[in-house]
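Undergrad: Please find one structure pasted underneath; my questions will follow.
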Amino acid sequence: MPKNKGKGGKNRRRGKNENENEKRELVFKEDGQEYAQVTKMLGNGRLEAMCFDGVKRLCHIRGKLRKKVWINGGDIILLGLRDYQDTKADVILKYTPDEARNLKAYGELPESARINDAAFDEEQGGDNIIFDDVDDDDEDIDDL
C-alpha cells in the first residue's frame, strides 16, 4: 500500500466552485494601485498588461489567484504597483465583464477601454479580413 504523501486525492484535483456565481462588492483602486488590460499571457504566472495610465507593465499573478482565477488576454485587472520598479506590478484582482462595465460607467476606466475579450482579440489579431473583389455571381463557376 502506498502512503499518501500528497495534498489530497481525486476530489482535491477536481476543485471546488463554491463562490462561482456570488455577487461581490466592486473594488475600486487605491493609491499605489492601477487598472490595466491584459495584452499577453507569458506563462509561469506572468503576463503583460497595458495600464490605463499609459505604461506597459510586466505583471506577476499572486499565489492566491494563481490556480483559482483564470486570466486571459483582454481581461480587466487591478494591479498593485511597486515603489522600486515602475515597469513591474502584481495582479491583485480580476474583474468580471459586468464589473468592468460598472467601472466604466462610474468613470473609473477611460471610454477607450475595450471590455469584451472578442473585441480585444480582433484589435490585436486581425481575423476580420475584407475582400474587395468578391462578386455574388455564380456564372463563372457554371461556365467551367
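Undergrad: Just give me the residues in the stretch 69-93 being of a type in the set (D, E, K, R) and surrounded by fewer than 19 Cβ atoms within 10 Å (Cβ to Cβ), in sequence order.
TA: We begin by selecting, within the stretch 69-93, every residue of a type in the set (D, E, K, R); these are 75, 82-83, 86, 88, 90.
Correct list: R82, D83, D86, K88, D90.
Yes or no, residue by residue, for (1) in contact with a Lys or Arg (Cβ under 9 Å, 6 or more places away or on another chain); (2) at pLDDT 90 or above:
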residue	(1), (2)
G15	yes, no
I61	yes, yes
R66	no, no
L81	yes, yes
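Undergrad: So is I61 touching a helix residue (DSSP H, G or I) at 6+ places or on another chain (Cβ under 8 Å) and touching a residue at least 24 places away in the same chain (Cβ under 8 Å) or not?
TA: The answer is no for I61.
The values are calculated or read from the model by the stated rules, or taken from the named source; none is laboratory data. Predicted, not measured: the structure shown is a model, and the values here were computed from it. Cβ coordinates were reconstructed from backbone atoms using ideal geometry, including for glycine residues, and neighbour counts include every protein chain displayed.
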